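Heads up: the structure comes next, in structure tokens.
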Amino acid sequence: MVSGPRHGGAGAAVGAVVGALAGASVDAEHQARADAAQARYDASVVEAESRRVAAYRRALSACLDARGYSVR
């Protein structure tokens, strides 16, 4: 909008406040998306580690069984 030279400060202040609120809203949305992506990544890391541990235990069990040890 266009205003007179004596009313420019109020318009600039309103514009700054509206811009800050819009920016904060966008930042919050981006942060929520980043948090969700991090949670998915963390879950996949835990799942992969669980699979590695299970595979190691199976291999160790098979090795000990092949050598004649009793594995529970």
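Tabulated values for the structure
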{"quantity": "Among (1) assigned to a helix (DSSP H, G or I); (2) in contact with a helix residue (DSSP H, G or I) (Cβ under 7 Å, 6 or more places away or on another chain) - the single one VAL71 does not satisfy", "calculated": "(1)"}
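To keep it simple, each residue is scored yes or no on (1) open to solvent by 70 Å² or more (accessible area, probe 1.4 Å); (2) modelled with pLDDT of 95 or more.
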| position | (1), (2) |
| --- | --- |
| ALA12 | no, no |
| VAL18 | yes, no |
| LEU21 | yes, no |
| ALA24 | no, no |
| GLN31 | yes, no |
| GLU49 | yes, yes |
| VAL53 | no, yes |
| LEU60 | yes, yes |
| ARG72 | yes, no |
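The values are calculated or read from the model by the stated rules, or taken from the named source; none is laboratory data. Only a predicted model underlies this, so the values are computations on that prediction, with no experimental measurement involved. Neighbour counts are summed over all protein chains in view; Cβ atoms, including those assigned to glycine, are modelled from backbone coordinates with ideal geometry. SASA here: full protein model, heavy atoms, side chains in, ligands and nucleic acids out. Shrake-Rupley method; radii C 1.70, N 1.55, O 1.52, S 1.80 Å.
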